[in-house]
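The values are calculated or read from the model by the stated rules, or taken from the named source; none is laboratory data. Model, not experiment: these values are computed from the prediction. Quick reminder, even Gly has a Cβ in these numbers, built from the backbone with ideal geometry, and neighbours come from all protein chains shown. Accessible surface areas use protein heavy atoms only, side chains included; no ligands, DNA or RNA. Shrake-Rupley method; radii C 1.70, N 1.55, O 1.52, S 1.80 Å.
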Amino acid sequence: MIKDYLHQPYPLFESRWKPIISISLFISLFMLVFEPFGLSGFAGGFKLYLEAGYGVVTLLVLIIDLFVFPFFLNDWFELRKWSVLNQIVLQIWILFSIGLANFVYSSTFLVFSNGFYAFLIFQFYTLVVGLIPILVLTILHQNAMLSQNLKLANEMNNNLDITKNVVQEDEKVRLIAENGKDKLEVNLSDFIYIGSIGNYVQAFYLVNNEIKNLLLRNTLKQIEEQVKEFTSIMKCHRAFLVNKNMIIRVKGNSQGLRLVLEHTTEEIPVSKNYAKDLKKLSTP
């Protein structure tokens, strides 16, 4: 039961700056109010700067943990693989790195008779202050997001047929590459979706009921301009355009909404901004 729950999907990096700022301020206030590690023995204005410095150190550590590490370890920080367990491991690492950095910072200004013991004290304080709230908030947030997205997905599925448009057989979707030479022309009724891959877009479509794909060098923004006349084609994510007539079902989990399309096993993510648009389309 616990193992299954730990492998449940979890939203990755909904917001980074908000927790960075709030945790850094909390650490600064905690040090100012409780003055642990012998800080109460200091006097004068220097003590205030010293205590506030813990917040600055925490800020720098969190920037490294939440921006630098994901940049270099992008295989581990992958949304589709991100789970409750991944989130807890990340949070524990953050607590450890904050404790380590603040210990090094303290060692610059404070004298410890037993450095290793002092290090353990730092880690103990950090874990005591942060571990229980992190576990509780992680569980509450996962459950809240799961409940919210399942409810939203059910509402959309109940009214899914409303989003479908009548399409003329001769309606053509024309996609043109950046060079103006490479292009794709396909019936709107056979068009499935487009995904962005770096400097390219990949279009998926049907030929005699068999799915095909074509890579064109262009930005999704430019392609979006080329298909804006078609009300059946909508943006559901910064990296995807879909033919809403191909939507079979909307799925929801704690990470958000995903679209199940005809003729493909690929599930297309729906970002928060576009979930509102999708909901409007499915409202009677």
Scope the stretch 88-122; condition closer than 23 Å to Ser15 by Cα and exposed (fewer than 13 other Cβ atoms within 10 Å of the Cβ); matching residues: Trp93
Qualifying residue in the stretch 193-205 (condition: over 26 Å from Val270 (Cα atoms) and in a strand (DSSP E or B)): no
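Look through the stretch 1-18, keep the residues that are open to solvent by less than 50 Å² (accessible area, probe 1.4 Å) and at pLDDT 85 or above, and return whichever of them is nearest to the chain's Cα centre (by Cα).
In the first step, residues of the stretch 1-18 are kept if they are open to solvent by less than 50 Å² (accessible area, probe 1.4 Å); the result is 6, 9-12.
Now restrict to residues that are at pLDDT 85 or above: 6, 9-11.
Numbers: Leu6: 18, Pro9: 11, Tyr10: 9, Pro11: 6 Å.
For the stretch 1-18, the residue satisfying everything is Pro11.
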Only one of Glu224, Glu178 that is part of a loop (DSSP other than H, G, I, E, B) and open to solvent by 60 Å² or more (accessible area, probe 1.4 Å): Glu178
Residues of the stretch 235-276 classified as more than 15 Å from Phe204 (Cα to Cα), crowded, with 17+ Cβ neighbours inside 10 Å and either free of Cβ contacts under 8 Å to residues at least 12 places away in the same chain or of a type in the set (S, T, N, Q) (or both), total: 3
Identity of the residue in the stretch 181-221, touching a Lys or Arg at 6+ places or on another chain (Cβ under 9 Å) and β-branched (Val, Ile, Thr), that ends up surrounded by the most Cβ atoms within 10 Å (Cβ to Cβ): Val201
Residues that are loosely packed, with under 13 Cβ neighbours inside 10 Å, modelled with pLDDT under 85 and assigned to a loop (DSSP other than H, G, I, E, B), drawn from the stretch 39-87: Ala43, Gly44, Asn74, Asp75, Glu78
Selected residue (criterion: nearest to His263 (Cα to Cα)) from residues of the stretch 206-221 that are without any contact (Cβ under 8 Å) to a residue 24 or more places away in the chain and not in a loop (DSSP other than H, G, I, E, B): Glu210
Number of positions in the stretch 181-191 that are more than 20 Å from Thr219 (Cβ to Cβ) and part of a strand (DSSP E or B): 1
Qualifying positions in the stretch 124-152 - at pLDDT 85 or above, crowded, with 17+ Cβ neighbours inside 10 Å and over 25 Å from Lys3 (Cβ atoms): Leu152
Odd one out for Ser232, checked against (1) surrounded by fewer than 18 Cβ atoms within 10 Å (Cβ to Cβ); (2) at pLDDT below 95: (1)
